[in-house]
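Q: Below: one structure in structure tokens.
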Amino acid sequence: MRHIKSLALLIAPALAACAMVQASNPAPNGLMTWPDLLERARPSPSTTISYGADPLQVVDLFLPQGGGPHPVVLMVHGGCWQSEIADRRIMSWIADDLTRHGIAVWNIDYRGVDRSGGGYPGTFLDAAAATDALREHAARYHLDLSRLVAVGHSAGGHLALWLAGRPRLPAGSPLRQPNPLPVRAVISLGGLPDLEEAARSENGCGNEVVGRLTGGHYADTSVPRLAPLGLPQVLINGRQDRIIPVAYAEGYAAPMRAAGDDVRVRMIDRTGHVELIAPGTAAWAAAVEEILRALRIERHPGEGRDPSSESRGASPRDPSLRRGDGKS
């Protein structure tokens, strides 16, 4: 149980930060809480690979059975870009679940804004280096980099989209590097892709952390500034998510579509923030459906969406948005 307790300690600051809010505005009945996920037995990766000297500059690789070549999900955890709140291990359950579909998962970690070397440009350079390290290890682990999809949760949803947009980074940016690894599609789970919006509006991460992440540089960090990305994007959000305002999804999608991108939004009813990365939920089933579609993997009979669990997205001015049940 030691691994569960240590991971729970990483989430504890987020829960404490929102405790007063929860007391006056309790979570809707039936929604998952972090202990509902963290107290499950945590799957172990096939191997852990370092891409730098810092303890956080590592990747957990989850491999499916079989000899490959395996399609790959590049997975990016959330935690409000803060290592104290969460690390890659919070994604272990869904990473393991994807291996059952024949998918390898490259589950990256990075230094958050609360770690030496994190923030701008370090957090972004870490995520980029972790991604590009796939090239070095693809042959050994039989990974098919022509079938690479990025999946990110919460703050990781922003980074997953940003990683896909690296070819669009402006010249002269310290984040721009030659020959970034191409990403085929992105699935964002309760993400915050528009950092300028996140810096001025209420959300579970707060506004101050965005400034720490970007240092005021939005031209090369906020995904809408990189439009069009030129690849399919799916935003999956919980209708009852009180951490990431549901309006963020359509607020991002509309201008990206106008710029020429293929962006779809799926709102999952009776879903908060935790369900998005919890196997066995309607939200994660929707995510798997989109991942398989992006990788052109045929679903098994009985898999797919539960139409009764979905609803259309909220208006960008939905007055019901609240800050709530723990950061990620």
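Just so you know, all these numbers are worked out from the coordinates, no wet-lab data involved. Because the structure is predicted, anything quoted here is derived from the model rather than measured. Don't worry about glycine lacking a Cβ; one is built from the backbone with ideal geometry, like all the others, and counts go over all protein chains shown.
Q: Taking the beta-carbon count within 10 Å as an exposure proxy, list L161, L74, L145 from fewest neighbours to most.
A: L145, L74, L161
Q: Another question, if that's okay. Rounded, prolate or oblate for segment 168-237? Axes are the square roots of the Cα gyration tensor eigenvalues, ordered a ≥ b ≥ c, and the cut-off for rounded is a/c under 1.5.
A: oblate
Q: So, one more: Taking the Cα centre of segment 2-298 as origin, sum charge times position over the Cβ atoms of Lys and Arg (+1) and Asp and Glu (-1), and report the length of that vector in debye to the nearest 20.
A: Here the size comes out at about 320 debye.
Q: Another question, if that's okay. Between S173 and E39, take the C-beta separation as r, use R0 = 51 Å, and let me know the FRET efficiency to the nearest 0.05.
A: 0.75
Q: Okay, moving on. Skipping prolines and chain starts, which residues have an amide H placed within reach, meaning under 5 Å, of the one on R264, given they are 5 or more residues away or on another chain?
A: Q233, V234, L235
Q: How far apart, in nanometres, would the label points at Y218 and A129 be if each is projected 7 angstrom from Cα along the Cα-to-Cβ direction?
A: For the pair Y218/A129, the computed spacing is 2.9 nm.
Q: Sort H142, H158 by Cβ crowding within 10 Å, fewest neighbours at the top.
A: In order of increasing Cβ crowding within 10 Å: H142, H158.
Q: Under a 5 Å amide H to amide H cut-off, with H placed in plane at 1.01 Å, what residues pair with L74 once short-range neighbours are removed?
A: Hits under the 5 Å cutoff: W106, V149, A150, V151.
Q: Computed FRET efficiency, Cβ-Cβ of H142 and A53, R0 35 Å: what is it to the nearest 0.05?
A: 0.80
Q: Please state the relative contact order of segment 2-298 as a whole percent: Cα pairs under 8 Å, 6+ residues apart?
A: 16 percent
Q: Rounded to whole Hz and in sequence order, give me ³J(HN,Hα) for segment 291-297 from the Karplus expression 6.51 cos²θ - 1.76 cosθ + 1.60, θ = phi - 60°, writing x for Gly and Pro.
A: Residue by residue, segment 291-297 yields 5, 4, 5, 5, 8, 6, 9 Hz.
Q: Taking the number of other C-beta atoms within 10 Å as the exposure measure, put S83, S116, S201 in order starting with the fewest.
A: S116, S201, S83
Q: With unit charges on the beta carbons (Lys and Arg positive, Asp and Glu negative) and the dipole taken about the Cα centre of segment 223-263, which residue among V234, Y248, P224 sits farthest to the positive side?
A: Y248
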